[in-house]
Structure formats: structure tokens, C-alpha cells
1. It is to be established whether one or more residues within segment B:380-390 are within 16 Å of B:Leu323 (Cα to Cα), among the basic types (Lys, Arg) and either touching a Cys at 6+ places or on another chain (Cβ under 9 Å) or in a loop (DSSP other than H, G, I, E, B) (or both).
2. I need the full set of residues from segment B:1-20 which are β-branched (Val, Ile, Thr) and either assigned to a helix (DSSP H, G or I) or modelled with pLDDT under 95 (or both), in order please.
3. Would it be correct to say that B:Lys283 is within 13 Å of chain A (Cβ to nearest Cβ), within 22 Å of the chain's Cα centre (by Cα), over 30 Å from B:Ala178 (Cβ atoms) and not hydroxyl-bearing (Ser, Thr, Tyr)?
4. Within segment B:103-139, can you find the residues that are surrounded by fewer than 24 Cβ atoms within 10 Å (Cβ to Cβ), at the interface with another protein chain (Cβ under 8 Å from one of its Cβ atoms) and farther than 23 Å from A:Ala17 by Cβ?
5. Would you pick out the residues in segment B:140-167 that are of a type outside the set (Ser, Thr, Tyr), surrounded by fewer than 21 Cβ atoms within 10 Å (Cβ to Cβ) and at the interface with another protein chain (Cβ under 8 Å from one of its Cβ atoms)?
6. Taking the condition more than 19 Å from the chain's Cα centre (by Cα), modelled with pLDDT of 95 or more, facing chain B (nearest Cβ under 8 Å) and closer than 25 Å to A:Cys292 by Cβ, does A:Pro93 pass?
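The values are calculated or read from the model by the stated rules, or taken from the named source; none is laboratory data. In this text the structure is predicted, and so the values were computed from the model without any measurement. Here the Cβ positions follow ideal geometry from the backbone for every residue, glycine too, while neighbour counts run over all protein chains shown.
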Number of protein chains: 2
Amino acid sequence: MVERRNSVDAGLRQRAARVVPGGLWGHLNAARLPDGYPQFFAAAEGCRVRDVDGNEYVDMMCSWGPIVLGHRHPAVEAAVRRQLDLGNCMNGPGAVLVELSELLVGMIAHADWAMLQKNGTDATTTCVTLARAGTGRRKVLVARGSYHGSAPWCTPSVVGVTAEDRAHLVPFDYNDIASLEAAADAADGDLAAILVAAFRHDLARDQELPDPAFARRARAICDAADAALIVDDVRAGFRIDLGGSWEPVGVRPDLASWSKAIANGYPLAAVTGNDRFREAAQKIFVTGSFWCEAAPMAAAIATLTELREQDGIAGMVAMGTRLRAGLDRLAARHATPIRQTGPVQMPMVLFDDDPDFAKGDLFCATALRHGAYLHPRHTMFLSTAHREADIDRVLAAADAGFAAVRGMRR
Amino acid sequence: MVERRNSVDAGLRQRAARVVPGGLWGHLNAARLPDGYPQFFAAAEGCRVRDVDGNEYVDMMCSWGPIVLGHRHPAVEAAVRRQLDLGNCMNGPGAVLVELSELLVGMIAHADWAMLQKNGTDATTTCVTLARAGTGRRKVLVARGSYHGSAPWCTPSVVGVTAEDRAHLVPFDYNDIASLEAAADAADGDLAAILVAAFRHDLARDQELPDPAFARRARAICDAADAALIVDDVRAGFRIDLGGSWEPVGVRPDLASWSKAIANGYPLAAVTGNDRFREAAQKIFVTGSFWCEAAPMAAAIATLTELREQDGIAGMVAMGTRLRAGLDRLAARHATPIRQTGPVQMPMVLFDDDPDFAKGDLFCATALRHGAYLHPRHTMFLSTAHREADIDRVLAAADAGFAAVRGMRR
């Protein structure tokens with residue numbers, strides 16, 4: 001076992017417990033992770049993150065998605081600093097708003113226009129509002145278990161949420177055509193939209209790519225009802241296909257939500273849409289104090305340009321393939337069956353016969369001590385900064401993790 | 001009349017019209033302003049902004065609130081760059097999260113804890129969710145015409161919004177005790193919260209400071225019903241009183257929402273609360289991909305420290321007083337009655353006998369050509385970067401504006 005310090009982290013957690021409810025809100029709360037995970041980070045560079053005690057890890061979470069070129073990518077950092085040297089939050093946007101919007105419209109297959117926000121939740125909420133504005137109808141079909149943000153209408157917890165916040169949502173099961181058709185029937189002339197994740201990436205279950213027949217049926221239902229097909233590309237966007245994550249499936253949405261990887265960690269979200277919804281987009285009122293800040297737009301231009309020019313997705317696929325093959329080899333060697341699902345560049349690793357995630361937790365806690373920051377139940381993320389040596393270091397840490405799991409007394 | 005160029009702005013608008021619905025979303029859309037206002041900005045420094053054609057203005061909007069120390073304040077910029085040189089968006093927050101939360105709890109009178117977000121709308125929405133989670137009740141009393149954000153439950157436009165989004169809101173009139181009591185009665189055992197702006201700053205009408213008797217009644221109603229008093233300090237926060245905008249009134253909320261000025265233009269929002277709502281705050285699930293980014297927190301620490309150390313609010317009050325007195329003198333000299341309302345550091349200037357805002361529009365459009373960026377219908381904002389010479393330049397521009405209004409043929 002590798003020696004790890006955590007005294008600075010422990011001290012900060014004690015202080016945080018007094019002034020932040022539960023020590024931290026939301027998905028980055030380390031209490032949701034196995035014991036031993038640090039809560040506070042000091043620095044990051046490329047695919048490495050360093051916690052406040054100086055422990056360094058190969059980062060397989062990439063800040064839960066945003067870091068797609070590696071932390072502190074030189075081209076992005078330079079673009080941000082150039083913009084900050086001029087101005088960031090002004091009485092209107094900079095020219096970068098136009099440049100970025102043109103870039104998105106040119107790159108994303110279905111997009112005739114773009115709007116920019118801050119949170120993924122801003123983008124998904126705006127898509128739903130747009131669908132209702134454009135159709136004059138109310139019902140939105142949403143897959144059970146899909147995460148679309150943390151506003152009252154979509155947050156996974158219903159604490160503090162009223163029944164009315166979700167009054168017009170109709171559930172279906174991802175990739176299940178019959179359930180989708182039943183939900184559309186239930187919407188009964190009031191169908192505004194089908195909202196569907198780019199692929200199935202629910203917490204703590206096997207990921208699923210979209211079944212092309214399912215995707216085509218969703219498109220056909222929306223066309224028949226004159227409703228909006230919304231693909232939520234917040235998590236997957238810019239890691240599957242720069243033209244949109246359903247391009248490989250051959251189905252184009254009317255509206256899509258983006259965030260996470262769009263600006264390599266700078267706060268930005270986007271809605272893209274086709275001309276059917278342009279007028280609706282002019283009529284709704286959505287805004288935010290920082291939605292026009294220029295630096296994240298400059299970061300996004302640099303990020304998307306870099307991804308395109310270096311064929312970043314191919315690089316992530318190559319490294320993700322290396323990781324998946326390596327983990328499969330290790331699992332076989334340790335006679336410990338695992339399931340790896342979804343796109344290789346967005347790994348999910350779950351252990352067979354692990355109902356309480358005890359195996360996954362031990363695997364990850366052990367790998368952490370050996371220098372790899374993994375997640376036992378959530379989509380992980382590759383960046384273009386991950387190289388063969390980094391993947392191999394993760395595999396070495398995983399080897400220790402598998403050995404620990406094999407040694408579990410149950 | 002001063003010569004102004006606008007060809008670069010016009011070119012960008014043409015391009016934007018193709019790829020952004022309506023050219024721009026939300027409150028920064030220059031189409032909402034008199035003819036002649038630029039849409040796109042190139043740079044900003046102190047209290048000056050420069051548009052993409054090189055025209056420079058004394059900035060009396062401060063990006064609609066966020067810029068409280070002046071654009072590109074050295075201490076804030078240095079703090080941001082120091083943090084960016086280490087890391088920004090990581091797998092957890094930096095130590096700055098704890099430092100900022102401690103600073104907020106130490107500074108804001110009612111606060112036992114803080115949570116951080118990105119948009120003012122995130123903060124107001126979280127306050128409402130918290131009130132419902134903490135009380136187990138649903139009704140929220142909201143003043144007619146108050147702006148609390150752009151989510152479906154609160155956006156001023158109802159396009160794309162369903163009736164259910166606002167099912168549990170009960171309206172009252174700001175500063176009207178009888179209407180507040182009637183609304184509380186209507187909530188009838190289901191009262192979760194009273195949500196009230198720090199002062200009345202509705203679009204296109206005279207601003208009103210909170211009547212202390214009204215504020216005390218709101219507090220008493222919440223106490224009697226065990227409901228939450230929420231003060232929305234997104235717009236006014238850190239410009240009235242660093243302890244909270246109702247400190248001068250002598251009434252403390254249970255929950256408050258903050259954003260705008262908190263980090264001098266970097267994207268950050270906050271909810272502060274007392275210990276009554278700490279447990280609720282641990283139970284709800286709210287989060288965002290960028291809510292833990294470290295650079296805006298570093299910016300906030302620098303901003304609030306600077307405001308406190310230089311007694312920034314007193315400085316803004318002094319300059320706001322100079323502006324108000326000067327405008328009153330000019331209005332009298334031009335025999336053109338105006339109304340100046342609300343805090344001097346957050347000016348609102350409306351013309352008497354101006355139902356269609358034709359006077360205000362001409363006044364502002366003329367002042368713009370003379371180098372002052374004013375708003376005809378919205379709260380304006382001072383920063384600590386505004387000095388006597390800047391105010392005097394605004395007054396010179398206003399003199400031209402008054403002359404134009406006096407010369408109107410109606």
C-alpha cells in the first residue's frame with residue numbers, strides 16, 4: 001500500500017462542516033465516495049490532479065466531464081487570459097459570442113442556431129421551455145433514471161420539490177420502444193417533446209448506447225406529433241461525435257443541450273436548435289448575469305478547435321480502448337468478472353455479484369491509494385491528455401484493486 | 001453631437017442574427033435599449049467600457065450589477081490568475097471554498113452556512129426548494145412585478161411556461177402589509193416562505209426601499225407560521241450593507257440569495273441560511289458541473305475583502321449622492337422634472353409625464369453619444385471605481401440629454 005497523507009483535507013473538511021451544510025452540496029461531495037477519497041484539490045495539470053495533501057492521481061473523472069483536453073490546456077488557458085486582459089463580464093457579449101455560435105452551428109449537424117448559458121441544467125430547462133413554446137403543448141417524455149439536471153423538475157431527489165414541478169412529465173424506459181410509444185399515447189395530443197440522454201448513463205447501472213431503432217422511433221413520434229426531439233448531450237457532448245452524439249446513430253434532434261466538455265472546465269452551457277424552434281427561442285425569456293461573459297466563450301472556441309484539429313475523439317477512443325482491454329485482462333487474471341459498458345472514452349466499470357457496490361468501492365479505494373482516481377458507480381471520462389503511460393499507470397493501480405477485491409471475505 | 005462609429009457592431013449583429021435567435025437572448029439584448037446602443041463590447045477597465053468600434057463610455061450599468069470594484073480590478077484579477085495557475089475545475093473544490101464560506105458566514109448577519117452556485121436564478125430557486133424542504137409546505141408569497149430570475153417558476157415571460165410551474169406562488173404587493181397578510185391567509189396552513197427582494201427594483205417604475213414596518217410584518221408572519229423569510233439579495237447584495245441589505249431595516253431573513261456583485265464579474269451565486277434550514281440544505285439535491293470551480297471563489301474572496309477594507313459601499317454612496325444631486329440640478333435647470341428613487345448607489349432615473357419612455361430613451365441615447373452608458377428603465381449601478389471626474393463626465397453627458405429632452409416636439 002502506498003503511503004497517503006490526508007491531514008490537510010481532514011482539517012478543511014472540519015472547517016467546511018461548520019459553514020457548508022453536509023460539508024458540500026451535490027455530486028462532488030466526497031461522502032458519496034469510498035473512504036479515503038480526498039474532498040479538496042490543490043492543483044491539476046494534464047490528466048493529473050493533486051489533492052491538498054500533495055497526493056497526485058491520474059484523473060479518470062476529468063471533473064466529472066468538463067476536462068476534455070486535460071487540465072490547464074495551454075491553448076485554452078492562453079485564450080482565457082487574452083480575453084481576461086481585455087474584459088470578461090461587460091454590458092454585452094464580446095465578438096467571441098458570434099464566433100462561438102458560428103462554430104457550433106457549423107459543427108453540430110442539426111444546429112441552425114445556438115444560445116449560451118452556464119449550467120447543464122440551464123440548457124435542459126431551456127430546451128423543455130422551448131419545446132413548449134414552439135408547440136403550444138405541455139407533455140415531455142423523460143426516461144426513468146436519466147439525469148437531466150438538478151432543478152426541481154428534474155433533480156433526482158424530490159426533497160423540496162412539489163408534485164406540480166413534474167406535472168407534465170411522462171416516463172418511459174430508455175431503448176424500450178413499446179414504453180416510448182405508450183408514453184406518447186399517454187401524452188394524448190399534448191406532446192411537446194421527447195427528452196432523451198445521448199446514451200443511457202444512469203448512476204450505478206450498465207451504460208447503454210442508443211438502439212438505432214429506438215432513436216428512429218423517437219424521431220418518428222416527434223415528427224408525427226409535430227413535437228420536439230431533444231437530445232441531452234450535456235454529459236456525452238464532444239466526446240462521441242463533434243456533430244452531436246446521435247450522428248453515429250443517424251438521427252438528428254430538433255434541440256440539444258450541451259455543457260461539461262464544451263469549454264474544458266470553464267463554465268458554459270449551450271442549447272442548439274433547428275429553424276423550427278428559432279421563433280420560439282426569440283419569444284422565451286431566459287437569461288443570467290454571467291451568460292454573456294466572454295472568457296468561457298473564448299475557452300470554448302479554443303477547446304472545440306483543438307478537439308477538431310487533433311481529432312481528439314479518436315485519441316480518447318484509442319486510450320479508452322487500451323483501458324478497457326487492460327481491465328478485461330486484469331479481471332480475467334484475477335477471476336473477478338466485471339462489466340464495462342458504454343463508449344470506451346466514457347467508461348463505466350461495475351462488478352458482477354456486487355449488489356451493495358462493496359467490490360467496486362474497495363476496488364476504487366485501493367486504486368486511489370495507488371494513484372488512480374476512479375469512480376465506482378458513475379460514468380468516468382477520458383481526456384486527450386491521457387497517454388499510454390497514464391493508462392498503464394491506471395491499470396497498475398487497478399491490478400492492486402482487483403487483488404484487494406479477490407481477497408475480500410464476504 | 002459626438003461622432004460615433006458603429007460599423008463593427010453592425011457587422012457582428014448581422015452575423016449574430018443568423019446564428020443566435022433574435023441576435024441575443026435576455027436582458028443584455030441591445031434591441032431592448034434605445035437606438036444607438038452598442039451590442040458588442042471589446043474591453044473594459046475601471047468604470048469605463050469600450051465597444052467593438054472603439055467608442056468608450058463611463059459605465060453606469062456595471063454589467064447590470066456584477067462589476068462592483070470596477071472592471072478588471074487588480075486584486076481580483078491577480079486572485080483569479082493565481083488560482084487558474086493551479087487549477088480551476090477539479091474533482092472537488094479548492095480550499096477557497098472553505099475560506100469564502102467562512103468569509104460569508106462571518107460577514108452576513110443571518111448566515112450560519114453558505115452554498116455556492118452560478119446563477120442568481122440558481123440561488124433563488126434553491127432558497128424556495130430549501131424553504132419547502134425545511135417546512136414540508138408548498139406556498140411561496142412573491143411580490144407582483146419583482147424579478148427573481150428566469151427559470152419557469154419566476155421568469156417574467158410566460159411563453160413556454162405551464163400553469164403548474166407557478167402553482168404554489170401567492171402574489172402580494174411590495175411594501176403593502178395588508179396585501180401580504182391577505183396572501184399569508186390565502187396560503188392557509190401551507191405557507192413555506194415569503195420571498196422578497198431586498199428593495200423594490202421592478203423594471204420601469206420608481207424604486208422603493210423596504211418599509212421597516214412591512215419588513216417586520218413579513219418576519220412576524222414567517223415566525224408565526226414557522227415559514228422561511230427569504231430576502232433576494234441577488235441585485236442589491238454587497239452594495240447596501242455587507243451584512244445583508246435588510247440590516248439597515250433591522251430585519252433578518254432565514255435564507256438569502258446572492259450573486260451579481262459577489263465576485264466582481266466572475267460567475268458565482270450563493271445561498272446563505274441560518275441553522276433552522278441547515279438540515280434541509282443537506283437533504284435537497286442541487287448541483288452543477290461548475291459550482292465548485294475555484295477561480296470565481298478566489299475572485300469573491302478578493303472582492304469582498306476589498307469592499308470591506310476600502311469601505312467600498314461608503315464610496316459608492318458618496319459618488320451616488322454626487323450623481324443624484326447633479327442630475328436634480330440639471331433637471332431643474334432644464335425645467336424637466338425627473339424622479340430618482342432607491343439607493344443612490346443603485347440609481348433609477350425616470351422622467352415625469354413619460355408614459356412611453358420617449359423622454360428617457362432620448363435622454364439616454366443622447367448621453368450615450370456623449371460618453372455615458374445609462375439605462376432608461378432599469379436599476380443602474382455604481383462601482384468603487386467611479387470617481388468624481390467620472391460622475392462629472394456623466395453629468396456633462398446628462399446635460400446634453402436633458403437639452404435633447406427639452407427640445408422634444410411632442
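1. The answer is yes; a qualifying residue exists.
2. Within segment B:1-20, B:Val2, B:Val8, B:Val19 qualify.
3. no
4. B:Arg138
5. Answer for segment B:140-167, where residues must be of a type outside the set (Ser, Thr, Tyr), surrounded by fewer than 21 Cβ atoms within 10 Å (Cβ to Cβ) and at the interface with another protein chain (Cβ under 8 Å from one of its Cβ atoms): B:Pro156, B:Val159, B:Val161, B:Glu164, B:Ala167.
6. So A:Pro93 fits the description; yes.
Okay, residues lined up against (1) among the charged types (D, E, K, R); (2) not in a strand (DSSP E or B):
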position	(1), (2)
B:Gly22	no, yes
B:Val49	no, no
B:Gly54	no, yes
B:Ala78	no, yes
B:Arg81	yes, yes
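Residue-by-condition table, conditions (1) under 20 Å from the mean Cα position of the chain (by Cα); (2) crowded, with 20+ Cβ neighbours inside 10 Å:
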| site | (1), (2) |
| --- | --- |
| B:Arg15 | no, no |
| B:Arg18 | no, no |
| B:Trp25 | yes, yes |
| B:Leu28 | yes, yes |
| B:Asp35 | no, no |
| B:Ala42 | no, yes |
| B:Gly46 | yes, no |
| B:Met61 | yes, yes |
| B:Trp64 | yes, yes |
